[in-house]
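Quick note: the coordinates plus some simple rules give every number you see, no bench work behind them. Everything numeric in this text was worked out from a predicted model, so none of it was measured. Counting neighbours? That spans all protein chains shown, and the Cβs are built from the backbone with ideal geometry, glycine included.
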Amino acid sequence: MDYRIIRSNRRTLGLEVTAQGELVVRAPRLMPKWRIQAFVDAHKPWIEQQMAKVKRAAEATPLTEAEIKDLTARAKVVFAERAAFYATKIGVTYGRITIRHQKTRWGSCSREGNLNFNCLLLLAPPQVLDSVVVHELCHRKEMNHSRRFYAEVLKVFPEYHIWHQWLKDHGQALLHRLPEKGT
């Protein structure tokens, strides 16, 4: 398995699979090559999993502007319905809902209670969309990612971790459906 080593003043080894499918190993300056190779070998299943994600993302067909417009219009309706449904269960209120098509975020909640969601979530299973809605609404109770925050999330959505993992495994492929800027 080919990889590039970046040495620095760090104390531990780290692995990264870039969006281009390159394996990068971050290592302490004086770490012997054999220890780096052993680390890579020990993490081969994880590396292969990350490489598969990159491959899926590269194969994703970009959406047209018309498809994004349609997705955004449908998302406005769906997210309004889901937020209203879960806000009642959680016991919170919220401000306005904005639909975006970002390359890095699935959702956010401002201190004022305004919610932002990525329209691409409509391309995921409905449970994924619900998990993001619940996550953002629970920020109305806890504006952090503490144990208390996740306790609130799990109270309303016990399968949260399953669908959060789905998003980690398949999210890059969804994000690659957005066209590059200027195309």
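Within a 10 angstrom radius of the beta carbon, how do V77, V92 rank from fewest other beta carbons to most? Intermediate results must be reported in sequence, preceding the final value.
Working: V77 10, V92 17.
Neighbour counts put them in this order, fewest first: V77, V92.
State to the nearest 20 debye the size of the charge dipole of the chain about its Cα centre, where the only charges are +1 on K and R beta carbons and -1 on D and E beta carbons.
Numbers: 30 positive and 18 negative charges, 159 e Å.
Dipole size: approximately 760 debye.
Using a 10 angstrom cutoff on alpha carbons, build the Gaussian network for the chain and name the most mobile of L71, L13, L115.
L13
Give, in nm to one decimal, the length gained when the segment between E112 and S146 is fully stretched (0.36 nm per residue of separation minus the Cα-Cα distance). Spell out each step's value before the answer.
Details: separation 34, 0.36 × 34 = 12.24 nm, distance 1.97 nm.
Length difference between fully extended and current span is 10.3 nm.
Would you mind ranking D130, D70 so that the residue whose beta carbon has the fewest other beta carbons within 10 Å leads the list?
On the way: D130 19, D70 14.
The most exposed by this proxy come first: D70, D130.
Which of V92, A27, I47 sits closest to the plus end of the dipole of the chain, meaning its Cα is farthest towards the positive end, when Lys and Arg get +1 and Asp and Glu get -1 on the C-beta?
A27
Which residue fluctuates the most in the chain, going by a Gaussian network model with Cα springs under 10 Å, if the choices are L129, L15, L167?
Maximum among the listed residues: L15.
Could you give the nm distance between label points at R100 and A19, where each point is 7 Å from its Cα heading toward the beta carbon?
1.6 nm
Taking every DSSP beta bridge with both residues inside the chain, roughly what % is antiparallel (nearest 5)? Could you put the intermediate results ahead of the total?
Numbers: 7 of 16 bridges.
Taking every DSSP beta bridge within the chain, about 45 percent pair in antiparallel fashion.
Between R11 and W46, what length comes free when the chain is fully extended (0.36 nm per residue of separation minus the Cα-Cα distance, one decimal in nm)? Intermediate results must be reported in sequence, preceding the final value.
Details: separation 35, 0.36 × 35 = 12.60 nm, distance 2.11 nm.
Taking 0.36 nm per residue and subtracting the Cα distance, the gain is 10.5 nm.
Can you give me the three principal axis dimensions of the chain from its C-alpha atoms, in Å, biggest first?
56, 42, 26
Please give the Cα centre distance for the stretch 147-183 versus the stretch 48-113, rounded to the nearest Å.
Cα centroid of the stretch 147-183 versus Cα centroid of the stretch 48-113: 9 Å apart.
Show me the helices of the chain, taken as full DSSP H stretches, that run 30 Å or more along their long axis by Cα and average -1.0 or above in Kyte-Doolittle hydropathy. Show your work: numbers first, answer last.
Numbers: long enough: 65-90 (35 Å, 0.08).
Length and hydropathy pass: 65-90.
Kindly flag which residue pairs out of K76/K103; K44/K168; K55/K168; K55/K103; K69/K155; K33/K168 have an alpha-carbon separation exceeding 26 Å in this structure.
Details: K76/K103 18 Å; K44/K168 19 Å; K55/K168 14 Å; K55/K103 17 Å; K69/K155 34 Å; K33/K168 31 Å.
Pairs exceeding the cut-off: K69/K155; K33/K168.
Please order H43, H139 by the number of other Cβ within 10 Å, starting at the fewest. Display every interim value, and only then the final one.
Working: H43 16, H139 22.
Neighbour counts put them in this order, fewest first: H43, H139.
Give me the distance in nm between label points sitting 7 Å out from Cα along the Cα-to-Cβ direction at K69 and K155, one decimal.
4.4 nm
Which of V134, A38, Y150 sits farthest toward the positive end of the charge dipole of the chain, with +1 on the Cβ of Lys and Arg and -1 on the Cβ of Asp and Glu?
Of V134, A38, Y150, it is A38.
Sort the stretch 92-183 into rounded, prolate or oblate with this rule: let a ≥ b ≥ c be the square roots of the eigenvalues of the Cα gyration tensor; rounded if a/c is under 1.5, and if a/c is not under 1.5, prolate when a/b is larger than b/c, oblate otherwise. Could you put the intermediate results ahead of the total?
Details: a/c = 2.31, a/b = 1.39, b/c = 1.66.
It is oblate, given that a/c is not under 1.5 and a/b is not larger than b/c.
Suppose every K and R has +1 on its Cβ and every D and E has -1 on its Cβ; what is the size of the dipole of the stretch 74-139 about the Cα centre, in Debye to the nearest 20?
Numbers: 9 positive and 4 negative charges, 42 e Å.
Computed about the Cα centre, the dipole is about 200 debye.
Which shape class applies to the stretch 1-43: rounded if a/c is under 1.5, otherwise prolate when a/b exceeds b/c and oblate if not, where a ≥ b ≥ c are the square roots of the Cα gyration tensor eigenvalues? Don't skip to the answer; put the middle values down first.
On the way: a/c = 2.09, a/b = 1.36, b/c = 1.54.
Oblate.
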